[in-house]
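I have placed the structure first, in the form of C-alpha cells, so that the comments after it can refer back to it.
The values are calculated or read from the model by the stated rules, or taken from the named source; none is laboratory data. Quick caveat: nothing in here was measured; it's all calculated off a predicted structure. Don't worry about glycine lacking a Cβ; one is built from the backbone with ideal geometry, like all the others, and counts go over all protein chains shown.
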C-alpha cells in the first residue's frame with residue numbers, strides 16, 4: 001500500500017467516525033486531520049472539493065461496510081425474523097458499548113446536509129438503497145412479491161433508523177427492543 | 001403581550017425553524033437573531049445559557065405543538081389505522097411543500113447534540129415521550145394492553161422518524177407511503 005493510499009483511507013476512516021458520533025456540521029477538517037494521523041497537506045490532494053467530498057466518500061465507505069454486514073447476517077439466518085432480530089441486536093450492542101455515541105453512520109449527516117449538498121444527499125441515498133436492497137432480497141426469498149417486499153424493507157429500515165434516534169435521545173435500548181419484537185412478530 | 005415576551009417567542013420560533021431545516025451545529029446565534037427580528041441584546045436576557053438553552057426551549061415548544069397535533073388527529077379518527085395514515089400524510093405534505101426541508105423538528109438536533117448537551121438530550125427525549133404517550137393512549141383505546149401498546153407506539157413513531165430520514169435523503173415520499181401502508185395493515 002502506498003503512503004498516498006493509506007493517507008486517503010485514514011482521512012476517510014476518521015471522517016466516518018466523526019460523522020457517526022457528532023454529525024457533519026460539528027466536524028471540522030482540523031479535527032479530521034488530527035484523528036487521521038495523516039499529513040494535512042495531503043488532504044486537498046485526495047479531496048480537492050474539501051469537506052463535502054470527504055464526507056460523501058466516508059458515507060459511501062460506511063454504507064458499503066454496513067451493507068456487507070447486513071447481507072452476511074441475513075444470509076446466515078435460516079428465518080427472516082431471526083436475521084432482523086440479530087441485526088437489531090448487533091446495532092443495539094454497538095450503541096450501548098459506545099455509550100450511545102455510535103448510532104447509524106449515515107442518518108445524522110443525511111438530516112443535516114442533504115439540503116445543502118447534493119454530494120452528501122446522494123451518498124446517503126445510495127447507502128440507504130444498498131441496505132434496502134439487501135433486506136428486500138431476503139424478504140423476497142421469504143416469499144413476498146417484489147412490491148410487498150420493497151414496502152416491508154422500507155418499514156424494517158425506517159423502524160430501525162427511528163429506534164436508533166429514540167434510543168440515543170433516551171439513552172436506553174427499549175426503542176430498539178420494542179421495534180425488534182414488533183418486526184419479529186411481523187416477519188415471523 | 002409585552003415586548004420582552006414577544007422577543008422570547010420570536011427567538012424560540014426562529015430557532016425551531018432553523019433546527020428543523022439545518023440542525024443544531026449549523027445554526028448560529030446571529031442567524032437566529034436575524035430570522036427572529038428581535039433585538040440581539042435581549043437574547044442573553046431570555047436565555048442566559050445561550051444557544052443550548054435556546055435550542056432546548058425551541059425543541060420543547062415544537063414537541064408540544066406536534067404532540068397536540070398528534071392527539072387531535074388521533075382523537076378525530078374513528079379507526080386507529082386511519083389516524084396513523086392521516087398523521088403520516090400530514091407529515092409527507094409538510095415535507096413535500098417545503099422541498100424536503102421540514103422533516104421532524106427534533107430528530108436532527110437530537111442526533112447531533114444528545115451526547116454533548118444533557119439539556120438538548122432531555123428536551124428531545126421529552127418531545128418523543130409526549131408523542132409516544134399520545135400514540136400509546138390511542139392504541140390502548142383500540143384494545144391492546146399497556147405493554148403491547150407501548151411496543152406498538154414505539155414501532156409507529158420509530159418507523160415514521162426513519163421514513164422521514166429516508167424521504168429527505170431520496171427526495172421522494174415513497175418511504176413514508178410504504179411505512180403508512182405497512183402500519184395501516186398492522187393497526188387495521
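Out of (1) under 21 Å from residue B:118 (Cα atoms); (2) assigned to a helix (DSSP H, G or I), the odd one out for residue B:7 is which?
It fails just one condition, (1).
Do any helices (runs of 4 or more DSSP H) entirely within region B:15-127 hold 3 or more residues that are under 26 Å from residue B:175 (Cβ atoms) and modelled with pLDDT of 95 or more, and if so, which?
Per the criteria, B:51-75, B:80-97, B:107-113.
Residue B:37: without any contact (Cβ under 8 Å) to a residue 24 or more places away in the chain, over 26 Å from residue B:156 (Cα atoms) and surrounded by fewer than 14 Cβ atoms within 10 Å (Cβ to Cβ), yes or no?
Answer is no for this residue.
Taking only region A:15-34 into account, find how many residues are closer than 24 Å to residue A:107 by Cβ and without any contact (Cβ under 8 Å) to a residue 40 or more places away in the chain.
Total meeting the criteria: 8.
Give the residues of region A:139-156 that are more than 8 Å from chain B (Cβ to nearest Cβ) and part of a helix (DSSP H, G or I), sorted by residue number.
Selection gives A:139, A:140, A:141, A:146, A:147, A:148, A:149, A:153, A:156.
Only one of (1) over 18 Å from residue B:100 (Cβ atoms); (2) surrounded by 24 or more Cβ atoms within 10 Å (Cβ to Cβ); (3) within 8 Å of another protein chain (Cβ to nearest Cβ) fails for residue A:135. Which number is that?
Here residue A:135 meets the rest and fails (3).
Would you point out which residue out of B:162, B:188 is modelled with pLDDT under 95 and either over 26 Å from residue A:116 (Cβ atoms) or buried (at least 24 other Cβ atoms within 10 Å of the Cβ) (or both)?
B:188
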